[in-house]
Amino acid sequence: MTAEEKYAILESVFKERPVAGKRVTIKMIAQEAGVSPATVSRVVNNKRNVRPELAERVREAIRKLDYHANEVARGLVRGTVDTFGVVVPDISNTFFSRICKAIQNTVMPTGAAVFLHNTDGILNRERQIIKELASKLITGIFLVAPRMPATEIRTLADELGVYPVVVDARVENCRLAAVWVDNVTAFIEASEHLISKGHKRIGFIAGPLAVANSKDRLDGYRIALRNHGIKEDTSLIYESDFTIAGGYKTAKEMFRKRNPPTAVLCSNDLMAVGVLSYLHKEGVEVPSEISVVGCDDIDVASSLSPPLTTVSQPIYELGVTAAQMMLQYTSTNEVPPNSILHAKLIIRNSTSNVQEGKSESETHPAEQLSRNVQKRDNR
């Protein structure tokens, strides 16, 4: 079968075909056959660990409900077509697009196809997309930086009979295959880099704290402060949304207050870009007056002015590892072990030593910026 023929089949699969006034779903097939959705999924994906009599009941239910009414059903049952869904919170973020590219490049040589779905970081949309993909009897789903808790993912996967691989989110003790980066250690290192430069008032801009990575990065920051005897100041910690606009808005709020930070540590590079944009607008020099650190090492990080110091994540490796996990499962039906990758701090020109004698002084540029902003607000 040529690639063109496979795509023609896949296109027909993903057209919702009403049968007797309803769209046939994996749950309907399972109910008709008197089996679980997981059993249906194993049968249509040609897995071996299904009793012959159960497999025949599933095939009979597919025929009875006229799920495809053409060669699609037989192609799926033979396992000639593997289809994978990739669910991401924001495809415009180059971090996620690079993961998607790695997944696609790894699974496509096997003859499989990849379908991309964007959630805009909306939890209910994430749930809806997973259910829709499962109803189409897709082979497996990659959940990239999911908003859903791991336990809910596992429960939903069992209920729908679809196999998920979690990418870029820490998942432990939940019978899920997952690959993630050790964000706690990475942000201990990033925080210690700023501390080594004499910074004690370090602002932290977190991503949405409902996301595991955001919590882990904040934990790393807090651990570093404790390790160096620096008292945590909650007024320096902000929750944002991983976007440039969010970083800009948060920086504006951060430097409106008295006694602002002398350095800003951001949970991703896009927010760091927003911070740099705000500081540039206010005429503040980076790093001589305020230091800035990001995370991800996206393509533009080294081209910014100044080039951004950042936590470089193994982004492409995340996608490749996730794809290899999925292919291992689809060939063996055994859940592969979790994989933890490691990040590396890339030191560029957006960080420097605190101006000597001014780290806690009211004359520090950060304090002057705060005063200027307050004056404008009071006009």
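The values are calculated or read from the model by the stated rules, or taken from the named source; none is laboratory data. Keep in mind that what you see is a predicted model, and the values were worked out from it rather than measured. Don't worry about glycine lacking a Cβ; one is built from the backbone with ideal geometry, like all the others, and counts go over all protein chains shown. The protein model used for the area step is the full one, side chains on, heavy atoms only, and it has no ligands, DNA or RNA in it. Shrake-Rupley method; radii C 1.70, N 1.55, O 1.52, S 1.80 Å.
Remarks
- Extension gain, Ser288 to Ile91, is 67.5 nm, computed as 0.36 nm per intervening residue step minus the present C-alpha separation.
- Contact order relative to length of the range 215-370, as percent, for alpha carbon pairs under 8 angstrom and 6 or more apart: 24 percent
- For Asp82, residues with placed amide H under 5 Å, excluding near neighbours: Ala113
- More than 17 Å apart - percent of Cα-Cα pairs taken over the range 225-344: 64 percent
- For the range 313-329, Karplus couplings with θ = phi - 60° (6.51, -1.76, 1.60), whole Hz, Gly/Pro x: 8, x, 4, 5, 5, 4, x, 4, 4, 4, 5, 5, 4, 5, 5, 5, 5
- Potential lengthening of the chain between Lys231 and Lys101 amounts to 42.6 nm, from the contour at 0.36 nm per residue minus the alpha-carbon distance.
- Around the amide H of Gly294, modelled in the peptide plane, lie the amide H atoms of Cys266, Thr309, Thr310, Val311, all under 5 Å away and 5 or more residues distant in sequence or on another chain.
- The mean of 1/r over all distinct Cα pairs in the range 268-330, once inverted, gives the Kirkwood hydrodynamic radius of 13.3 Å.
- Computed from phi, the 3J(HN,Hα) profile of the range 170-184 under the Karplus parametrisation 6.51, -1.76, 1.60 (θ = phi - 60°) reads 5, 10, 9, 6, 9, 6, 10, 7, 8, 10, 8, 9, 6, 6, 4 Hz, with x in place of Gly and Pro.
- Dimensions of the range 188-295 from C-alpha coordinates, computed as largest minus smallest value along each principal axis and given longest first, are 35, 31, 22 Å.
- Between the amide H of Leu345 and those of Ser312, distances stay under 5 Å, these residues lying 5 or more places away or on another chain, with hydrogens modeled in the peptide plane.
- Computed over the range 125-270, relative contact order equals 21 percent, with contacts defined as Cα pairs under 8 Å that lie 6+ residues apart.
- Checked against a 29 Å cut-off, the cross-linked pairs Lys215/Lys257; Lys64/Lys101; Lys200/Lys281; Lys200/Lys252; Lys131/Lys249; Lys101/Lys252 give Cα-Cα distances beyond that limit for Lys64/Lys101; Lys131/Lys249; Lys101/Lys252.
- The packing ranking of peptides 29-36, 292-299, highest mean first, is 292-299, 29-36, where packing means the average number of other beta carbon atoms within 10 angstrom of each residue.
- Accessible surface, 1.4 Å probe, highest first, among residues Leu209, Leu270: Leu209, Leu270
- Estimated Rh, the range 116-164: Kirkwood, alpha-carbon pairs, angstrom: 10.8 Å
- Inter-part distance where the range 80-151 and the range 198-244 are each reduced to a Cα centre, Å: 29 Å
- Extension gain for the segment Glu253 to Ser339, taken as residue separation times 0.36 nm less the Cα-Cα distance, is 27.2 nm to one decimal.
- Each residue of the range 261-266 is assigned a 3J(HN,Hα), and the resulting list reads x, 9, 8, 10, 10, 10 Hz, derived from the Karplus form 6.51 cos²θ - 1.76 cosθ + 1.60 (θ = phi - 60°), x at Gly and Pro.
- Per residue, the convex hull spanned by the alpha carbons of the range 156-212 comes to 97 Å³.
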